[in-house]
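The values are calculated or read from the model by the stated rules, or taken from the named source; none is laboratory data. Here the structure is a predicted model, which means the values were calculated and not measured. Glycine gets a Cβ as well: all are built from the backbone with ideal geometry, and neighbour counts include every protein chain shown.
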Amino acid sequence: MKAWIEAKPGAEGRPFTPGKNSPPLVIIYKVLGKIFAILSVRGVEDVILKCDPLLASALRKDYAGIGHRSHLDRRFWISVRLDADVPAKEIKRLVSLSYDLVCATLTAKQKAELARLAPSEKIDTAD
């Protein structure tokens, strides 16, 4: 999972720790300063991803392993348990969708910067 997320152009992960000398609870992944994934590294194995509201509702009905588990707005964020009934291929698709949703909100300048980071990937720079 970590490799899938880190393979996204411009993805930067920062560990979040509850205290100075504590091991990280999660790694927060951003693209140009905007969160697209939160990966748990302790406790329940899951990833929190941005999602289209209609798709999020359907996914929660289809999979027991998709729900909500954070302070983020449940309409736009889903929690995917990595040890549940969600196929790996679907999780990978949801990671890409989350990344794409966040990239779609970038300014033209930010999209151009991201395109420079990933010249082999096609990134829509139109606004």
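If you scan region 46-58, which residues turn out to be in contact with a Leu (Cβ under 8 Å, 6 or more places away or on another chain) and surrounded by 16 or more Cβ atoms within 10 Å (Cβ to Cβ)?
Asp46, Val47, Ile48, Leu49, Lys50, Cys51
Quick test for you: out of Ile27, Ile66, pick the one residue that is without any contact (Cβ under 8 Å) to a residue 40 or more places away in the chain, under 19 Å from Ala11 (Cα atoms) and surrounded by 16 or more Cβ atoms within 10 Å (Cβ to Cβ).
Criteria check complete, one pass: Ile27.
Of the residues Gly33, Gly19, only one is free of Cβ contacts under 8 Å to residues at least 60 places away in the same chain and either on the phi > 0 side of the Ramachandran plot or within 11 Å of the chain's Cα centre (by Cα) (or both); which?
The match here is Gly33.
Asp83: in a helix (DSSP H, G or I) and either among the acidic types (Asp, Glu) or modelled with pLDDT under 90 (or both), yes or no?
No, not satisfied.
If a residue counts only when it is more than 19 Å from Ala88 (Cβ to Cβ), which strands (runs of 3 or more DSSP E) contained entirely in region 18-73 have at least 2 such residues?
26-31, 34-40
Among the residues of region 107-127, is there at least one that is at pLDDT 95 or above and touching a Lys or Arg at 6+ places or on another chain (Cβ under 8 Å)?
no
Check Ser96 against each of (1) hydroxyl-bearing (Ser, Thr, Tyr); (2) over 23 Å from Ala3 (Cα atoms); (3) outside any loop (DSSP other than H, G, I, E, B) and name the one condition it does not meet.
Here Ser96 meets the rest and fails (2).
Regarding Ala3, is this residue in contact with a helix residue (DSSP H, G or I) (Cβ under 9 Å, 6 or more places away or on another chain) and within 24 Å of Glu113 (Cβ to Cβ)?
The answer is no for Ala3.
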